[in-house]
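Comments concern the structure below.
The values are calculated or read from the model by the stated rules, or taken from the named source; none is laboratory data. From a predicted model like this one, the values you see are computed outputs, not experimental measurements. Neighbour counts are summed over all protein chains in view; Cβ atoms, including those assigned to glycine, are modelled from backbone coordinates with ideal geometry. Side chains are part of the model used for accessible areas, which takes the heavy atoms of the whole protein and leaves out ligands, DNA and RNA. Shrake-Rupley method; radii C 1.70, N 1.55, O 1.52, S 1.80 Å.
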Amino acid sequence: MQILVPWKPVVIVWGLLSAMILFGFVASSVLQGKDPFAPGTIISQPAAAKARATQGEQKQAKRSNKAARTTNQ
């Protein structure tokens, strides 16, 4: 006696789960700024975003220097 398995729903569910996992991996990699298909590479940011990041780091460094001076005095 054979047990019949309806393969069409099994294949559809398997495909949907695989697609969701792949989509989640790609979305996560892109949000982290990494290229999902080239391990170890970083997606370059636009020049404006880099400038904002550098300005923010400079401001934070100035604040930490001021805080260190006030606590030392």
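At-a-glance table
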{"item": "Residues of the stretch 7-43 classified as part of a loop (DSSP other than H, G, I, E, B), out of contact with any helix residue (DSSP H, G or I) (no Cβ under 9 Å at 6 or more places or on another chain) and open to solvent by 90 Å² or more (accessible area, probe 1.4 Å), total", "result": "2"}
{"item": "Check on residue 60, open to solvent by 100 Å² or more (accessible area, probe 1.4 Å) and at pLDDT 85 or above", "result": "no"}
